[in-house]
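A.B. asks: Structure below; questions to follow.
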Amino acid sequence: MIPLKYNLRSLSVRWVTTLLTCLAIGIVVCASVLTFGMIEGIEHALTSSGDATDLIIMRKGSNNELSSTIAPTAARDLINLDGIAKDAQGQPLASREFITVLIQPRRNAGGTANVIVRGLDKVGRELRPNFTIVEGRDLEAGVNELIVSKSISTRFENLGLDGSIEINNVNFRVVGLFEAGGSAAESEVWADLRDLTSAQRYNGAVSVVNMRVPEEADRQAIIDRVRENDQFKLSAVVESDYFEDQKSSSLAIKVIAYIIAAFLTFGAMFAAANTMYAAVSSRAREIGTLRALGFARSTILVSFMLESLVICLIGGILGCLATLPLNGLSGGTQNAATFSEITFSFRFGPKVLLQGMGLALAMGLIGGFFPAIRAIRMQITNALRQS
Amino acid sequence: MSTPSNTDPVVLVRDVYKEFRKGETVIPVLAGMDLELLPGDYLAMMGPSGSGKSTLLNLIAGLDKPTSGSVIVCGQDLGKTSQSALAKWRSRHVGFIFQMYNLIPVLTAYENVELPLTLTPLSRKQRVEQVKTALEIVGLGDRMDHYPRQLSGGQEQRVSIARAIATDPTLIVADEPTGDLDAKSGNEILELMHRLNEEFHKTIIMVTHDPSAAARAKRTLTMADGRLVSDIQNSTATGTTA
């Protein structure tokens, strides 16, 4: 085995080239980790939204809340079904909800995007994970007030605290900002159910009913009853399954992200290979000497591969470190299932960082392989003659 | 592999031809070369450029293979040995001294001398002893931590000699060892090589263009056009210049 210090010191001698290559690899790893962190953030937003004990009742055939409608009478019947958990006041933990989409201008002249506005019963808050008012106060029913997720408030004009928007020519004022454990609710604006439906001239309309049913047998009974009841013409899905399906909306982003990462990695491999080709050609005599002394071809191959790996792993570590200050930073993109803005927080957990380091490893191995092959294919006698 | 006895030749070259190809052109370099070296021999090879002396040295050192004929060194037929086996063989039997020293610039004198020892089964402690001994022999015991750039040409060549003897090889091959040195340093190197031959009984083959350097060997072989022109015993070979 050729001592690793030989490679490390050779790298430090060519420190400018080494540094530039490390930076190039680092930038690629950083960009890839950012992309993976975004996908992880979107998936987390959707995953954390789903509770396995909650049911969403929608119109039969609807695959998302926006395209669902439930008759007001049916909605009233649904919230009184047996098996639904009760809150402290003995009221069923079931919320009738009306969902609509508004086009709103983004901040900083960032164009417009669809924002989900949800009208819901008061009890609906308890069905979201860690719902908390973080600024202002909760809305009061009957006076056209809104509460807005904190991340949406920072991304859209007029949706900050004390801002106001018009829904169908009815003015709604923002009185509070909320958080909900990074769930999909953090991509929404909430109003009182009746205020919103009356502003939309859909008095009493309901899109979905959300309910908590702790017992599995009760959940199955409700699912069966809803499905078999011809009068309802509805279907019930477990909330976690619903959001699992919504994850398919991130699939396109995921595919594009992986393709971009693959292209970037491929490009960075050339940077690594270029550096290593230069190293091999400037050290031809050293390679010849090592082989003359009796170091096997395989040993020299491993040595140069290790050198390439060291460059790429340093680049990878730099790239990963560069993303850490952005951990938790929120961003937004369009949910392909609802055509509305979904906010997420970048998440650079161990899985994402390992993916980034995996890319660096691939760059090092593939980028180092061909120069290393060139090194071992040199005729010893020719290599010894190199200046 | 058999171990040669004191009377078995260390090097046995029989009817060796070596050709190089450059596209369609075949360039003959060695044409029916024969040579025999006994243990303790000190051979200088001379001849004009292109006479084939370096090619012959490379064949004997196991760095290249003949086109035809046999090269048997330390009992091993090198023409019939695989590249990986040749690498192992070189590490055990051959010490190299190059004209340009060929030290690894990022390693210290100590680390350069230790390098071939990492291919042996010696323990770290044994390696330390071997390296120190080799550097003491060449008179550089106090320069162990110096990098090649911190040494003079003569000192670099002495480190190279220490590296060549560190594994205690049977054969030392030197390709113009004084070619890049001033007269004083060159003389010191030749003295050292004479000492290796006389005191440590190393078999040495040296390629040189310098007749006074060749005169320090026990035997001088002259080549021209890939053939042996003369093979003379130097009765006056000494370690110092007259």
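A.B. asks: Within segment B:163-177, does at least one residue satisfy the condition of being within 14 Å of chain A (Cβ to nearest Cβ), more than 23 Å from A:Asn7 (Cβ to Cβ) and assigned to a helix (DSSP H, G or I)?
C.D. replies: Scanning segment B:163-177 turns up at least one residue that is within 14 Å of chain A (Cβ to nearest Cβ), more than 23 Å from A:Asn7 (Cβ to Cβ) and assigned to a helix (DSSP H, G or I).
A.B. asks: Tell me which of these B:Val173 doesn't satisfy, since it passes every other one: (1) surrounded by fewer than 24 Cβ atoms within 10 Å (Cβ to Cβ); (2) touching a strand residue (DSSP E or B) at 6+ places or on another chain (Cβ under 8 Å); (3) not charged (D, E, K, R).
C.D. replies: Just one mismatch for B:Val173, condition (1).
So that you can scan it fast, the table gives a plain yes or no per residue for (1) surrounded by 16 or more Cβ atoms within 10 Å (Cβ to Cβ); (2) within 30 Å of A:Lys60 (Cβ to Cβ); (3) of a type in the set (S, T, N, Q):
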| residue | (1), (2), (3) |
| --- | --- |
| A:Arg125 | yes, yes, no |
| A:Val143 | no, no, no |
| A:Phe156 | yes, no, no |
| A:Phe172 | yes, no, no |
| A:Val189 | yes, yes, no |
| A:Gln200 | yes, yes, yes |
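A.B. asks: Only residues in segment B:36-64 that are within 14 Å of chain A (Cβ to nearest Cβ) count as the first member; pair them with residues that are among the polar types (S, T, N, Q), Cβ under 6 angstrom, at least 6 apart or cross-chain, and list the lot.
C.D. replies: B:Asn58/A:Thr381; B:Leu63/A:Thr381; B:Asp64/A:Thr381; B:Asp64/B:Asn58
A.B. asks: Continuing with the same structure: Looking at (1) in contact with a helix residue (DSSP H, G or I) (Cβ under 7 Å, 6 or more places away or on another chain); (2) exposed (fewer than 15 other Cβ atoms within 10 Å of the Cβ); (3) not small (Gly, Ala, Ser), which is the only condition A:Lys86 fails?
C.D. replies: Every condition holds for A:Lys86 apart from (1).
A.B. asks: Here are some conditions: (1) within 20 Å of A:Ala296 (Cβ to Cβ); (2) crowded, with 17+ Cβ neighbours inside 10 Å. B:Ala85 meets all but one. Which one does it not meet?
C.D. replies: All conditions are met except number (2).
A.B. asks: Is at least one residue of segment B:22-32 at pLDDT below 95 and of a type in the set (D, E, K, R)?
C.D. replies: Looking through segment B:22-32, at least one residue is at pLDDT below 95 and of a type in the set (D, E, K, R).
A.B. asks: Could we say that A:Thr265 is within 14 Å of another protein chain (Cβ to nearest Cβ) and closer than 30 Å to A:Met378 by Cβ here? Before the answer, list the steps.
C.D. replies: Details: within 14 Å of another protein chain (Cβ to nearest Cβ): no; closer than 30 Å to A:Met378 by Cβ: yes.
It is false that A:Thr265 is within 14 Å of another protein chain (Cβ to nearest Cβ) and closer than 30 Å to A:Met378 by Cβ.
A.B. asks: Just checking, how many residues over segment B:101-118 are more than 8 Å from every other protein chain (Cβ to nearest Cβ) and free of Cβ contacts under 8 Å to residues at least 40 places away in the same chain?
C.D. replies: Total satisfying the criteria: 2.
A.B. asks: Yes or no: A:Ala52 more than 14 Å from chain B (Cβ to nearest Cβ) and over 30 Å from A:Ala94 (Cβ atoms)? Step through it out loud before you land on a result.
C.D. replies: Details: more than 14 Å from chain B (Cβ to nearest Cβ): yes; over 30 Å from A:Ala94 (Cβ atoms): no.
So A:Ala52 does not fit the description; no.
A.B. asks: Answer yes if at least one residue in segment B:68-76 is assigned to a loop (DSSP other than H, G, I, E, B), under 21 Å from A:Thr381 (Cβ atoms) and free of Cβ contacts under 8 Å to residues at least 40 places away in the same chain, and no otherwise. Break it down into steps so the answer makes sense when it comes.
C.D. replies: First pass over segment B:68-76, keeping only residues assigned to a loop (DSSP other than H, G, I, E, B): B:74-75.
Subset that is under 21 Å from A:Thr381 (Cβ atoms): B:74.
From what's left, free of Cβ contacts under 8 Å to residues at least 40 places away in the same chain: none.
No, there is no match, as no residue in segment B:68-76 is assigned to a loop (DSSP other than H, G, I, E, B), under 21 Å from A:Thr381 (Cβ atoms) and free of Cβ contacts under 8 Å to residues at least 40 places away in the same chain.
A.B. asks: What number of residues within segment B:65-93 satisfy the criterion of being within 11 Å of another protein chain (Cβ to nearest Cβ), among the aliphatic types (A, V, I, L, M) and touching a helix residue (DSSP H, G or I) at 6+ places or on another chain (Cβ under 8 Å)?
C.D. replies: The number of residues fulfilling the criteria is 2.
A.B. asks: Let me ask something else about it. Residues in segment A:29-45: is at least one away from chain B (no Cβ under 14 Å), more than 30 Å from A:Leu318 (Cβ to Cβ), surrounded by 15 or more Cβ atoms within 10 Å (Cβ to Cβ) and among the small types (Gly, Ala, Ser)? First the steps, then the outcome.
C.D. replies: To start, the set of residues in segment A:29-45 that are away from chain B (no Cβ under 14 Å) comprises A:29-45.
If we keep only those that are more than 30 Å from A:Leu318 (Cβ to Cβ) too, we end up with none.
Within segment A:29-45 (the criterion being away from chain B (no Cβ under 14 Å), more than 30 Å from A:Leu318 (Cβ to Cβ), surrounded by 15 or more Cβ atoms within 10 Å (Cβ to Cβ) and among the small types (Gly, Ala, Ser)), the answer is no, since none of the residues qualifies.
A.B. asks: Would you check which residues across segment B:192-212 are assigned to a helix (DSSP H, G or I), within 15 Å of the chain's Cα centre (by Cα) and farther than 13 Å from B:Ile165 by Cβ and list them?
C.D. replies: B:His194
A.B. asks: Looking only at segment B:176-191, filter to residues that are out of contact with any Ser or Thr (no Cβ under 6 Å at 6 or more places or on another chain) and crowded, with 22+ Cβ neighbours inside 10 Å; which one of those is nearest to B:Ala217 (Cα to Cα)?
C.D. replies: Residue satisfying both the conditions and the ranking: B:Leu190.
The values are calculated or read from the model by the stated rules, or taken from the named source; none is laboratory data. In this text the structure is predicted, and so the values were computed from the model without any measurement. Methodologically, a virtual Cβ is constructed for each residue, glycine included, from the backbone with ideal geometry; neighbour enumeration extends over all protein chains shown.
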